[in-house]
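Below you'll find the structure, written out as structure tokens, and then a few comments.
The values are calculated or read from the model by the stated rules, or taken from the named source; none is laboratory data. All values derive from a computational prediction rather than experimental measurement. Cβ atoms come from the backbone with ideal geometry, glycine included; neighbour counts cover every protein chain shown.
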Amino acid sequence: MPDLWPYFGFFGLLTAFGIWLFMYGVRGLANKYPSTPLSAGDGPIDDPLEEVTALPRVAQRRWARPVSQLGRRLLGQRDAARLEDRLRRSGWRYGSVGDYYGSKIATAVTFFVAGAVSGLLLGFSAPGLTIIAAALGTWGLFLPDLELQSTIRERREALYREMAWSLDRVALVMRTGEALESALHRVAGENFAWLSGGGGGLFTALLRDIAAGLSAQRHDVATLLAELRRTLPENVPELDEFLQAVQINLEKRQPIVDQLRALARTMRDRLNNRIEEVSQKAELKVVALTSGVIVPALLVVVLGAAVLGFVGTF
């Protein structure tokens, strides 16, 4: 008679997963209070054409909306505006709040089933099968959070690097007598792409958006800059300093060339210090590897050969 314990464990695990979904569903029903209202232009939370990033393309039409609704019901937070703000700052790594929660459900179920099936094929016992499936399901549940954090961190680092090497270009053009608006057009415009090293990245796109707003005769400079700042990662004080300098120049016509050059120099110095730190850490790793692995291995080879030769003389 074949051993049925793995199958009992598999179906028991499915039952436990169903109970978990039910409990989260009860929590979702209990917490269905209105979320923090979104401001105009933030994008709809319930998009009838919504897609779930974690689902394959062939499953989008049938499963995208039910999975996203299930994700909102089971895992949704009350403050949807805060989550949408994070998605916006990540460059919309997930296209909407529903996409984010739907991807959490999709990855959790996919990893859970993959772990359970793999455990069955490998002949794991019921406890081992339960542990591996539950662990993979939990990992899949939190994988979108990790990807969102990683995307925001990468955008923050890319923005910082580009700022460090682009602020001098803006200051250089302004030093020739150009106003800030025309300087931004020169640095970020398509006709002068060579000044920004090509199409540019996040910071060049920011300069282009500021220039476009000024060309559209927007006089609410503070509001314009605040709107653009909301699309970029947080915790970049150098960016806040730059936008404050832009606002001062546009509203009070104060010169900011020296401030921009000093800010760029400071940012480049910090980047160079980071490079030196990475280089020093790499050297320490090489020394540790040499002293801890290679040198003992050479000693074993050399001394071993010497000992064998000495023993062979008798």
Any residue in the stretch 78-104 that is closer than 19 Å to Arg153 by Cα and touching a residue at least 60 places away in the same chain (Cβ under 8 Å) sitting within a Cβ distance under 9 Å of a residue that is among the β-branched types (Val, Ile, Thr) and in a loop (DSSP other than H, G, I, E, B)? List the pairs, counting only those 6 or more apart or interchain. Arg88/Thr231; Arg89/Thr231; Gly91/Thr231
Which one of these does Arg57 not meet: (1) closer than 27 Å to Leu228 by Cα; (2) modelled with pLDDT of 85 or more? (1)
Do we find that Phe111 is farther than 23 Å from Glu234 by Cβ and not in a helix (DSSP H, G or I) in this structure? no
Qualifying residues in the stretch 220-235 (those that are of a type outside the set (Ser, Thr, Tyr) and assigned to a helix (DSSP H, G or I)) - the one farthest from the chain's Cα centre (by Cα): Val221
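Results for (1) more than 13 Å from the chain's Cα centre (by Cα); (2) closer than 30 Å to Arg265 by Cβ; (3) of a type in the set (Gly, Ala, Ser), shown as yes or no for each residue.
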residue: Phe112; (1), (2), (3): yes, no, no
residue: Ser118; (1), (2), (3): yes, no, yes
residue: Ile132; (1), (2), (3): yes, no, no
residue: Trp139; (1), (2), (3): yes, no, no
residue: Pro144; (1), (2), (3): no, no, no
residue: Arg155; (1), (2), (3): no, yes, no
If you go through the stretch 114-125 one residue at a time, how many are crowded, with 18+ Cβ neighbours inside 10 Å and assigned to a helix (DSSP H, G or I)? 3
Do we have Ser125 as at pLDDT below 90 and either farther than 22 Å from Leu136 by Cβ or among the polar types (S, T, N, Q) (or both) here? yes
Would you check if Glu277 is among the charged types (D, E, K, R) and over 27 Å from Arg86 (Cβ atoms)? yes
In the stretch 160-208, residue surrounded by the fewest Cβ atoms within 10 Å (Cβ to Cβ) [restricted to those that are in a loop (DSSP other than H, G, I, E, B) and modelled with pLDDT under 85]: Gly198
If you check Arg61 against the conditions, is it surrounded by fewer than 16 Cβ atoms within 10 Å (Cβ to Cβ), basic (Lys, Arg) and in contact with a Lys or Arg (Cβ under 8 Å, 6 or more places away or on another chain)? no
